[in-house]
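Participant: First the structure, which I've put down as structure tokens, then a few questions once you've had a look.
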Amino acid sequence: MSIEPRRELMVGSAVLAAAVLVFAYSSSGIGDQGTGPLSADGSYELKARFGQADGIRAGTAVRMAGIDVGEVVSMSLDSYYRAVVTFRIAASVELPEDSAAMIQTDGLMGGKFVELEPGGALDVLEPGGWFDYTQDSVIIEDLLGKIVARAKQERGLDPNEPVGY
């Protein structure tokens, strides 16, 4: 076997091994950040709609500036098949009504959590209120697909055609 096919075989094997490790890690639940239940006394619920809410579930941490301020209580689908996520937030946290809720990842391969970004409005969200601004979860596989398609375009290849050797 010449050097070039051997190199391709080794690179392909390394990529396959890395993909298997990533899949095993992400499906194992290691890195999930559940905070446990908050006391019903002194907390309130808020809701948000997301187009993509994968990676979070009841018990997932809700954070502001990296500090846990609540947890996800429940998730459901609305009539337009969007994820409705209900959060329980500590009473000491008052959020302006133009605040945003974003699904973030704890590091490159860590668990997901909900990050709250306070707005600048003077009025605050009331218990049972809705976030108007949300940012969906990023799916790593979709992101990698976009990177590969972009690389194919830059090499002058059709991004919709598979690369054959």
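The values are calculated or read from the model by the stated rules, or taken from the named source; none is laboratory data. All of these numbers come straight from a predicted model, not from anything done at the bench. For neighbour counting, all protein chains shown are included, and Cβ atoms are generated from backbone atoms with ideal geometry for every residue, glycine included. What goes into the accessible areas is simple: the full protein's heavy atoms, side chains included, and nothing from ligands, DNA or RNA. Shrake-Rupley method; radii C 1.70, N 1.55, O 1.52, S 1.80 Å.
Participant: Could you please give the count of residues in region 109-128 that are under 25 Å from the mean Cα position of the chain (by Cα), assigned to a loop (DSSP other than H, G, I, E, B), at pLDDT 90 or above and closer than 18 Å to Met64 by Cα?
Facilitator: 5
Participant: Considering region 129-165 alone, what residues qualify as being of a type outside the set (A, V, I, L, M), closer than 30 Å to Val62 by Cα and out of contact with any Asp or Glu (no Cβ under 6 Å at 6 or more places or on another chain)?
Facilitator: Gly129, Trp130, Phe131, Asp132, Tyr133, Thr134, Gln135, Asp136, Glu141, Asp142, Gly145, Lys146
Participant: Keeping to region 93-125, report how many residues are in contact (Cβ under 8 Å) with a residue 40 or more places away in the chain, touching a strand residue (DSSP E or B) at 6+ places or on another chain (Cβ under 9 Å) and more than 19 Å from Gln52 (Cβ to Cβ).
Facilitator: Final tally of qualifying residues: 3.
Participant: Name the single residue that is farthest from Gly51 (Cα to Cα) among those in region 138-161 being modelled with pLDDT under 75 and open to solvent by 100 Å² or more (accessible area, probe 1.4 Å).
Facilitator: Glu161
Participant: Take Arg7 and tell me if it is modelled with pLDDT of 70 or more, surrounded by fewer than 16 Cβ atoms within 10 Å (Cβ to Cβ) and over 19 Å from Glu115 (Cα atoms). Even if it seems obvious, please write down each step before you answer.
Facilitator: Numbers: modelled with pLDDT of 70 or more: yes; surrounded by fewer than 16 Cβ atoms within 10 Å (Cβ to Cβ): yes; over 19 Å from Glu115 (Cα atoms): yes.
Yes, satisfied.
Participant: Of the numbered conditions (1) in contact (Cβ under 8 Å) with a residue 12 or more places away in the chain; (2) assigned to a helix (DSSP H, G or I); (3) not charged (D, E, K, R), Ile147 fails exactly one; give the number of that condition.
Facilitator: Failing condition for Ile147: (1).
Participant: For region 34-42, indicate whether the set of residues that are open to solvent by 50 Å² or more (accessible area, probe 1.4 Å), modelled with pLDDT under 70 and part of a helix (DSSP H, G or I) is non-empty.
Facilitator: No; the residues of region 34-42 include none that is open to solvent by 50 Å² or more (accessible area, probe 1.4 Å), modelled with pLDDT under 70 and part of a helix (DSSP H, G or I).
Participant: With the structure loaded, tell me whether Gly164 is out of contact with any Gly (no Cβ under 7 Å at 6 or more places or on another chain), at negative phi and either acidic (Asp, Glu) or at pLDDT below 80 (or both) or whether it fails that test.
Facilitator: Details: out of contact with any Gly (no Cβ under 7 Å at 6 or more places or on another chain): yes; at negative phi: yes; either acidic (Asp, Glu) or at pLDDT below 80 (or both): yes.
So Gly164 passes the test.
Participant: Among the residues of region 58-92 satisfying the criterion of being assigned to a loop (DSSP other than H, G, I, E, B) and touching a strand residue (DSSP E or B) at 6+ places or on another chain (Cβ under 7 Å), which is surrounded by the most Cβ atoms within 10 Å (Cβ to Cβ)?
Facilitator: That would be Arg82.
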